[in-house]
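J.: The structure is given below, and queries will be raised subsequently.
The values are calculated or read from the model by the stated rules, or taken from the named source; none is laboratory data. As the structure is a computational prediction, the values presented were derived from the model and not from experiment. Quick reminder, even Gly has a Cβ in these numbers, built from the backbone with ideal geometry, and neighbours come from all protein chains shown. Calculation scope for accessible area: heavy atoms of the full protein, side chains included, ligands and nucleic acids excluded. Shrake-Rupley method; radii C 1.70, N 1.55, O 1.52, S 1.80 Å.
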Amino acid sequence: VTQVGESAEKVYGLSDGALYSYDKEDNSIEQYSKINGLSDNKISLIAYSPENKMLVIGYDNSNIDLLTDEGKIINIPDIKNLTVGYDKTINRIEFSGKKAYLSMAYGVSIINLTKYEISDSYTYRINTFSTAIYDGKIFAATDRGIYAAQTNTNLIDFSNWSLYNALVVKDFELYR
């Protein structure tokens, strides 16, 4: 198992591209696939939002499923269906309120978890490894350093982002 997500009733595990759940009450194990409702194959990452009671599932081809605690599966194929000439890999999924922040190989995309849609995408062609929301700012850890911007600004305009701290990892040592 390479990733785990936990709800009140289940523990989800990702293993070799396949998704399983363990029911805490009856100790049963369930495997999820296209046969029982998932939209694709080769899951690359999962993340569970306790606040939204939802598991976000990202696939190798950038397709996305939302699995609610009630068992409903909602597909969001928007990123998968983009015909662009750059990498659309999903690197990480993080949550803030009713939004899921997808750290992408091209920048950041945001899922509105109440409307089940991509609400914003910031395409800078900068590989983004992780994002965080803190104190009215969004932080993006990228291959060029950590960028930050006020969340109440136009984040599509890259000039509103600033290099918060230039960090370079080299030979397992951190340099500033």
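J.: Restricting the search to region 26-62, which residues are open to solvent by less than 60 Å² (accessible area, probe 1.4 Å), of a type in the set (S, T, N, Q) and farther than 21 Å from Tyr106 by Cβ?
T.: Once the filter is applied, which keeps residues that are open to solvent by less than 60 Å² (accessible area, probe 1.4 Å), of a type in the set (S, T, N, Q) and farther than 21 Å from Tyr106 by Cβ, region 26-62 yields Ser28, Ser33, Ser39, Ser49, Asn52.
J.: Which condition does Ser162 not pass, out of (1) within 14 Å of the chain's Cα centre (by Cα); (2) modelled with pLDDT under 95; (3) surrounded by fewer than 15 Cβ atoms within 10 Å (Cβ to Cβ); (4) among the polar types (S, T, N, Q), if it passes all the others?
T.: Ser162 satisfies all of (1) within 14 Å of the chain's Cα centre (by Cα); (2) modelled with pLDDT under 95; (3) surrounded by fewer than 15 Cβ atoms within 10 Å (Cβ to Cβ); (4) among the polar types (S, T, N, Q) except (1).
J.: When you look at Asn75, is it closer than 30 Å to Ile126 by Cα, in a loop (DSSP other than H, G, I, E, B) and either of a type in the set (Ser, Thr, Tyr) or under 19 Å from the mean Cα position of the chain (by Cα) (or both), yes or no? Steps first, answer last, please.
T.: Working: closer than 30 Å to Ile126 by Cα: yes; in a loop (DSSP other than H, G, I, E, B): no; either of a type in the set (Ser, Thr, Tyr) or under 19 Å from the mean Cα position of the chain (by Cα) (or both): yes.
Against the criterion (closer than 30 Å to Ile126 by Cα, in a loop (DSSP other than H, G, I, E, B) and either of a type in the set (Ser, Thr, Tyr) or under 19 Å from the mean Cα position of the chain (by Cα) (or both)), Asn75 does not qualify.
J.: Can we say Ile43 is touching a Phe, Trp or Tyr at 6+ places or on another chain (Cβ under 7 Å) and in contact (Cβ under 8 Å) with a residue 24 or more places away in the chain?
T.: Numbers: touching a Phe, Trp or Tyr at 6+ places or on another chain (Cβ under 7 Å): yes; in contact (Cβ under 8 Å) with a residue 24 or more places away in the chain: yes.
Criteria met by Ile43.
J.: Related question: As an exercise: evaluate Tyr20 against (1) assigned to a strand (DSSP E or B); (2) among the hydroxyl-bearing types (Ser, Thr, Tyr); (3) surrounded by fewer than 16 Cβ atoms within 10 Å (Cβ to Cβ); (4) in contact (Cβ under 8 Å) with a residue 24 or more places away in the chain and give the number of the one condition it does not meet.
T.: (4)
J.: Identify the residue in region 106-132 that is at pLDDT below 95 and open to solvent by 60 Å² or more (accessible area, probe 1.4 Å) and, among all such residues, is nearest to the chain's Cα centre (by Cα).
T.: Per the criteria, the residue is Thr123.
J.: Residue check: is Ser39 touching a strand residue (DSSP E or B) at 6+ places or on another chain (Cβ under 7 Å), closer than 21 Å to Ser119 by Cα and not aliphatic (A, V, I, L, M)? Break it down into steps so the answer makes sense when it comes.
T.: Numbers: touching a strand residue (DSSP E or B) at 6+ places or on another chain (Cβ under 7 Å): yes; closer than 21 Å to Ser119 by Cα: yes; not aliphatic (A, V, I, L, M): yes.
When the stated conditions are applied, Ser39 passes them.
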